[in-house]
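The values are calculated or read from the model by the stated rules, or taken from the named source; none is laboratory data. Predicted model only: the values in this text are computed from it and were never measured. Quick reminder, even Gly has a Cβ in these numbers, built from the backbone with ideal geometry, and neighbours come from all protein chains shown.
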Amino acid sequence: MTRDEIKDFVLRVFREEFEIESPGLDDDLRERYGFDSIDAIEMLGEIETLLNSELSQEEKKRAMDIRTTNQLLDYIESLARARE
Amino acid sequence: MERRVVITAASAITPIGHSEKEIVSSLLQGISGVKPLRQDDLLAPHIHCGVFGTVDYEIPFDFERRYRKTMGPVSFYACQVAKEVLEAADLDRDFVTSGRLGIAFGSTHGSPTVQRDIYKIFFSGSPGDFSSIGAVDYLKSMVHTTAVNIAKMFGITGRVISSCTACTTSSQSIGYGYEAIKFGMQDAMLCGGADEYDTTTVAVFDNLLACSNAYNATPHLTPRPFDADRDGLVVGEGAGAVLLEEYESARKRGANILAEIIGFSCNNNGGDLILPNTNGIIQTIKLALGNASIRPEDVDVVSAHATATIMGDIIEAKAIHAVYGDGPYVTALKSYMGHTMSACGVIETVLALYMMKEAFVAPTLNLDRVDERCAMIRHVRTLERVPLSIAAIQNFAFGGVNTSLILKRV
């Protein structure tokens, strides 16, 4: 899975599920868009669907430090790589 | 310290309308909000009762996603009436977030619609489905979901009371809100209750043989409180909210004072969890009158709980007669919309405020032939155009809980 494909996925989920339109890739998601811990858990469910794979508790906990879209893309890329 | 407490804004979503104008019009014209029970894929086909007090009009919710995401249908209702009350009261934003405004708001179950979806996953038999339980499902279905969704939406930081005593939920909300202000713990309280459309509640009452089922083809002819041909209650949906404020500060800021709360009582029958109890109700009524420091003859109108069950209405009529005699008008507002459960106390309070303002008492609908066992009190059978100074709103719940609220026009 390429980074562009992951980016398309993330921006679509932001738009369709979170009403976040075209966020700046380094915007603080919480400060700028009110993206909170509840949203993070929902996003992890979307990522599991994308990867067709359940995330471990350790993997999920790592996500709690994510603040920007770029960090989210890095995170998904690493998850995808670990599953190759 | 004891302070006076007044109601400065009110709103309700009911089966007979949403705006004050619609609700008053329905009361004046005797229009019922009871409709056929909606079919579902779960319980409706098996329930004998085929009627429901239904909110069948569009409500223009305009909540942002960050608020919507933790709301089940019951919280949409709750936040809508809360929003309308706060807008009507026009409180200063700094006050709303100051901690001096609290919330007393509840529902019977949280959101049963969301709970049902969770249970469907539990019983699906597929362990992998557990991950499809949403992160927010608990927040939508927990018992205090209405109160905290309101708090979040408006940034309210005062105390939170979320009673969940079924049919006395919102009368307790108002009563405990009143006491919080009266004794100086808060300067204002946003109080109310809500319940969403739910066939589970109908099924429970149906199994207890407490639901109406003889009028399925003519929903508007049931419930029939105090009528000889009543055959049980009708479950309904709705929500209501009132804003309570300390009298002096409300007066100083030029608030529109709708009424003063002068008394509240709550007790328990100390026994049976289902059947109402004459002595328990008598004590509740007396406690409220004592709390208000008024005599029974000072009360102009009693809004009876009157669910239209056979025994409940007889017991309530006896209790009303034992304290009030045949002095005050007695009206049964559930005859218009069925039993809105957690919302009934606040909805009946809002309707009482409207009747006080417009100087009328709405007649009990479908009271064509008074049951002689309920005939000893002053039933309102046709519209009474009469000024009202003091109204008493009484409610009773499963578990033997009773409340009485007393309002006075200021």
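Would you check if B:G312 is buried (at least 20 other Cβ atoms within 10 Å of the Cβ), under 22 Å from the mean Cα position of the chain (by Cα) and in a strand (DSSP E or B)?
Details: buried (at least 20 other Cβ atoms within 10 Å of the Cβ): yes; under 22 Å from the mean Cα position of the chain (by Cα): yes; in a strand (DSSP E or B): no.
Taking the combined requirement at face value, the residue does not satisfy it.
Which of the residues that make up region B:210-249 are under 27 Å from B:A147 (Cβ atoms) and charged (D, E, K, R)? Scanning region B:210-249 gives B:E237, B:E245, B:E246, B:E248.
Determine which member of the set B:G338, B:G325, B:G345 is among the small types (G, A, S) and more than 23 Å from B:C167 (Cα to Cα). Break it down into steps so the answer makes sense when it comes.
Numbers: B:G338 fails: more than 23 Å from B:C167 (Cα to Cα); B:G345 fails: more than 23 Å from B:C167 (Cα to Cα).
Answer to the selection: B:G325.
Restricting to region B:125-147, what's the tally of residues that are within 13 Å of chain A (Cβ to nearest Cβ) and either touching a residue at least 12 places away in the same chain (Cβ under 8 Å) or among the hydrophobic types (A, V, I, L, M, F, W, C) (or both)? So the answer is 7.
Scanning region A:32-45 for residues that are on the phi < 0 side of the Ramachandran plot and either more than 13 Å from chain B (Cβ to nearest Cβ) or part of a loop (DSSP other than H, G, I, E, B) (or both) returns A:F35, A:D36. Filtering region B:260-289 down to residues that are of a type in the set (D, E, K, R) and at pLDDT 95 or above, which residue is farthest from the chain's Cα centre (by Cα)? Checked region B:260-289; the qualifying residue farthest from the chain's Cα centre (by Cα) is B:K286.
A residue that is closer than 28 Å to B:S404 by Cα and either without any contact (Cβ under 8 Å) to a residue 24 or more places away in the chain or in a helix (DSSP H, G or I) (or both) cannot be found anywhere in region B:152-164. One residue stands out among those in region B:86-106 that are acidic (D, E) and assigned to a helix (DSSP H, G or I): the one that is surrounded by the fewest Cβ atoms within 10 Å (Cβ to Cβ), which is B:D94.
Among residues belonging to region B:200-224 that are assigned to a helix (DSSP H, G or I) and free of Cβ contacts under 8 Å to residues at least 24 places away in the same chain, point out the one that is surrounded by the most Cβ atoms within 10 Å (Cβ to Cβ). So, considering only residues that are assigned to a helix (DSSP H, G or I) and free of Cβ contacts under 8 Å to residues at least 24 places away in the same chain, the one surrounded by the most Cβ atoms within 10 Å (Cβ to Cβ) is B:V204. Evaluated against (1) more than 14 Å from chain A (Cβ to nearest Cβ); (2) modelled with pLDDT of 95 or more, B:I118 falls short on exactly one condition, (2).
Mind listing whichever residues of region B:166-202 are under 30 Å from B:P45 (Cβ atoms) and among the hydroxyl-bearing types (S, T, Y)?
If the condition is that a residue be under 30 Å from B:P45 (Cβ atoms) and among the hydroxyl-bearing types (S, T, Y), then B:T169, B:Y197, B:T199, B:T200, B:T201 are the ones that fit.
Residues in region B:1-44 that are assigned to a loop (DSSP other than H, G, I, E, B) and buried (at least 19 other Cβ atoms within 10 Å of the Cβ): B:P15, B:I16, B:H18, B:S32, B:G33, B:L37.
Considering each of A:E5, A:E54 in turn, give the residue that is part of a loop (DSSP other than H, G, I, E, B), among the charged types (D, E, K, R), over 11 Å from the mean Cα position of the chain (by Cα) and loosely packed, with under 13 Cβ neighbours inside 10 Å. Reasoning before the result, please.
On the way: A:E5 fails: part of a loop (DSSP other than H, G, I, E, B).
None of the others qualify; the one that does is A:E54.
When we screen A:E17, A:E48 for residues that are of a type outside the set (A, V, I, L, M, F, W, C), within 13 Å of chain B (Cβ to nearest Cβ) and within 21 Å of B:T70 (Cα to Cα), the only hit is A:E17. Tell me, which residue of region A:57-84 that is among the polar types (S, T, N, Q) and assigned to a helix (DSSP H, G or I) is nearest to the other protein chains (Cβ to nearest Cβ)? Once the filter is applied, the top-ranked residue is A:Q57. Here is a check on your reading of the model: is B:T168 over 30 Å from A:A40 (Cβ atoms), of a type outside the set (A, V, I, L, M, F, W, C), without any contact (Cβ under 8 Å) to a residue 24 or more places away in the chain and more than 14 Å from chain A (Cβ to nearest Cβ)? Taking the combined requirement at face value, the residue does not satisfy it.
Yes or no, residue by residue, for (1) over 15 Å from B:V302 (Cβ atoms); (2) touching a strand residue (DSSP E or B) at 6+ places or on another chain (Cβ under 9 Å):
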site	(1), (2)
B:V346	yes, yes
B:L351	no, yes
B:Y354	yes, yes
B:R369	yes, yes
B:R373	yes, no
B:R378	no, yes
B:R385	yes, yes
B:G399	yes, yes
B:L405	no, yes
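Scanning region A:13-51 for residues that are of a type in the set (S, T, Y) and crowded, with 17+ Cβ neighbours inside 10 Å gives a single hit, A:Y33.
Considering each of B:K35, B:K21 in turn, give the residue that is of a type in the set (K, R), at pLDDT 95 or above and closer than 28 Å to B:L190 by Cα. Working first, answer last.
On the way: B:K35 fails: closer than 28 Å to B:L190 by Cα.
Going through B:K35, B:K21 in turn, just one is of a type in the set (K, R), at pLDDT 95 or above and closer than 28 Å to B:L190 by Cα: B:K21.
Taking first residues from region A:54-65 that are on the phi < 0 side of the Ramachandran plot and partners that are charged (D, E, K, R) and surrounded by 14 or more Cβ atoms within 10 Å (Cβ to Cβ), the Cβ contacts under 8 Å between residues at least 6 apart in sequence or on separate chains come to A:E54/A:E48; A:L55/A:E48.
Note on region B:353-402: residues that are under 17 Å from B:S25 (Cβ atoms), over 22 Å from the mean Cα position of the chain (by Cα) and assigned to a helix (DSSP H, G or I) amount to 0.
Quick one: count up the residues across region B:168-199 that are under 30 Å from B:R3 (Cβ atoms), outside any helix (DSSP H, G or I) and of a type outside the set (A, V, I, L, M).
The first filter runs over region B:168-199 and keeps only residues under 30 Å from B:R3 (Cβ atoms), leaving B:168-194.
Add one more test, that the residue is outside any helix (DSSP H, G or I), and what stays is B:183-194.
Among the residues that remain, those that are also of a type outside the set (A, V, I, L, M) are: B:183-184, B:186-187, B:191-193.
Count: 7.
For region B:89-99, check the following and say yes or no: at least one residue is of a type in the set (K, R), over 30 Å from B:R38 (Cα atoms) and under 23 Å from the mean Cα position of the chain (by Cα). Checking region B:89-99: not a single residue is of a type in the set (K, R), over 30 Å from B:R38 (Cα atoms) and under 23 Å from the mean Cα position of the chain (by Cα). Within region B:57-71, no residue that is more than 9 Å from chain A (Cβ to nearest Cβ) and more than 14 Å from A:I20 (Cα to Cα) sits with its Cβ atom under 7 Å from a residue that is part of a loop (DSSP other than H, G, I, E, B) and modelled with pLDDT under 95 at 6+ positions apart or across chains.
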